[in-house]
Amino acid sequence: MNKSIVFVSTLLMGALIIFNVGCKREKISEISLFEENSDAWFVDGDSKWEFVNNELMGIADSTSGFIITHDKYRNFELSLEFQPDSTINSGVFVQCARTEMSAEDCHELNIWDLHPNQDFRTGSIVTKVKPYEIVETLNKWNTYKAVTDEGNIKVYVNDALTSSIEKDTLMEGHIGLQAMGKGTIKFRKVRLKKM
């Protein structure tokens, strides 16, 4: 056999092996968060959290509460589906240095179309970035996606880029979901892919 054909064949086999290993790693690196009966998360606050038909429901009755991961995460793509009613104040908290959820020590990706200050409505990073686009989310299923990379974050609601930050000091932390005020928020298919 010609030496050049053997060389090319060897290169192709090597590339195929690397591709397959990469695919396997990517599958392994995706995890589901906030699953029923899991000890990977805990509840903080007075709002009620329960699972109904594989959906995580946060119910607030003049209360505030969170469901929070025990682990911290760095450089990831977080995706989830959410359905807010018209009264709930909710949000997705990422890169929280401590387990106390706040807009100062976390990136709070808001879920509140009717926020009194529309700079902080759904799709914003509360107190940091106003939403680039107005996305209506009440009483229907929507998607949230956050992509983080060494202090950079991009946030998407229903596939629209709604906010972003570059070179922030928050790079790693806990992830939390919020139910606050009065009303109900539903979450499902909460998945994290480590980058």
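The values are calculated or read from the model by the stated rules, or taken from the named source; none is laboratory data. Note that this is a predicted model, so its numbers are computed, not measured. Here Cβ is always computed from backbone atoms with ideal geometry, including for glycine, and neighbour counts include all displayed protein chains.
So which residues in region 115-138 are out of contact with any strand residue (DSSP E or B) (no Cβ under 7 Å at 6 or more places or on another chain) and either assigned to a helix (DSSP H, G or I) or of a type outside the set (Ser, Thr, Tyr) (or both)?
Within region 115-138, 115, 116, 117, 118, 119, 130, 134, 136 qualify.
Please determine whether any residue of region 178-195 is more than 24 Å from residue 41 (Cβ to Cβ) and either surrounded by fewer than 16 Cβ atoms within 10 Å (Cβ to Cβ) or in contact with a Cys (Cβ under 6 Å, 6 or more places away or on another chain) (or both). Reasoning before the result, please.
Of region 178-195, the ones more than 24 Å from residue 41 (Cβ to Cβ) are none.
No, region 178-195 contains no residue that is more than 24 Å from residue 41 (Cβ to Cβ) and either surrounded by fewer than 16 Cβ atoms within 10 Å (Cβ to Cβ) or in contact with a Cys (Cβ under 6 Å, 6 or more places away or on another chain) (or both).
Can you confirm whether region 52-60 contains a residue that is small (Gly, Ala, Ser) and either surrounded by 12 or more Cβ atoms within 10 Å (Cβ to Cβ) or modelled with pLDDT under 95 (or both)?
Narrowing region 52-60 to residues small (Gly, Ala, Ser): 58, 60.
Retained after the next criterion (residues that are either surrounded by 12 or more Cβ atoms within 10 Å (Cβ to Cβ) or modelled with pLDDT under 95 (or both)): 58, 60.
Yes: region 52-60 contains one or more residues that are small (Gly, Ala, Ser) and either surrounded by 12 or more Cβ atoms within 10 Å (Cβ to Cβ) or modelled with pLDDT under 95 (or both).
Please go through region 146-167 and pick out each residue that is in contact (Cβ under 8 Å) with a residue 24 or more places away in the chain and surrounded by fewer than 19 Cβ atoms within 10 Å (Cβ to Cβ).
Result: 147, 149, 150, 160, 161, 164, 165.
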